[in-house]
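Take a look at the structure set out below.
The values are calculated or read from the model by the stated rules, or taken from the named source; none is laboratory data. What you are looking at is a predicted structure, and each value in this text was computed from that prediction instead of being measured. A quick note on method: Cβ atoms are made from the backbone with ideal geometry, for glycine too, and the neighbour counts reach across all protein chains shown.
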Amino acid sequence: MSIQAVNAAPSLCNKVFLEATRDLRRFRPSSFYANSADEIGQAQGYINFDEFRQAHDFRRETIKFLLNTPKEEAVRTALLQDLFDAHLFTPMNYQIYHQTFIPIEMARRIVFPDIKPAGIQLASNWGVYPLFLKEQMGLTDFYGIDVDKAAIAYAEKIGAPVIEADARSLPFPAERFDLVFSSHFLDCSYFGFINSVKGLSWGEEFINFRLDVMREVYRVLRPGGWFITQTEVVSCQDLISSWTGTIAQVMTFNFESIKFDGLFAVQKG
Ligand SMILES: C[S@@+](CC[C@H](N)C(=O)[O-])C[C@H]1O[C@@H](n2cnc3c(N)ncnc32)[C@H](O)[C@@H]1O
């Protein structure tokens, strides 16, 4: 399997950073702002967003709930944890939320300077990034996938191209895509949490989960296609190297105002 490194000079990184930040910041679909906070709560069966938040105080209530919850449901609960722990991944918080997409958007521009790649974002949540790619960048063959029904329902409302699917069994033929993105998904803080509170041997189930996802990523990528991942550098590199032989490139961007914990891109040979 051949591995190619992405060479991005600091001057190119800076230029791409400025452009990606500008475009993401400018993106303001009105659908985010029309009652979007309350719609998120309502999609979960609550009167409004505040009631939804109060009902899911992660620290006190969700752990209790999680301990008595079947495994599949625990994934669902982890979504709630994310929402309230980070209080970040919500469309109405786009002014801050968009910053989480800067690294992957930079990588997309560096890796594909000339084409609009066909691709997917794993665990795309409400589909804000796929919506940005569709509406702002003109990508016509890019989709988010997520298991969460409420996220899918909301994605539909805002017109985001998100498909309900499990990342361990993607509903696409082999070699379908040029690009697969993953961010804030396969990292320890998200799934490691589930294992630790359920008392499973640390990591075993988590590792199997990620291996299953990696196999699917590999299958749907065309030869020469790229897997670009963020926040998963430390926890995933052992697994990724198991199917590539080596890590192609680690790009770490540390900017004054925003510090990212890393990003890397691996090319399928
Ligand atoms: C922290 S969020 C990811 C943030 C996301 N990248 C964004 O742009 O907002 C984690 C997501 O993983 C999704 N998820 C959990 N298990 C999944 C699975 N097996 N397949 C696909 N998505 C999954 C959750 O529903 C949740 O939306």
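Scan (1) assigned to a helix (DSSP H, G or I); (2) in contact (Cβ under 8 Å) with a residue 60 or more places away in the chain; (3) near the ligand (Cβ under 9 Å from one of its atoms) for the single condition A153 breaks and write down its number.
(3)
If you go through region 139-150, how many residues are part of a loop (DSSP other than H, G, I, E, B) and within 13 Å of G119 (Cβ to Cβ)?
3
Every residue, every condition in (1) part of a loop (DSSP other than H, G, I, E, B); (2) modelled with pLDDT of 90 or more, yes or no:
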residue	(1), (2)
A174	yes, yes
F185	yes, no
S196	no, no
N208	no, no
R222	no, yes
G225	no, no
V234	no, no
Q237	no, no
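So N125 fits all but one of (1) at pLDDT 95 or above; (2) part of a loop (DSSP other than H, G, I, E, B); (3) not aromatic (F, W, Y); what number is the exception?
Condition (1) is where N125 drops out.
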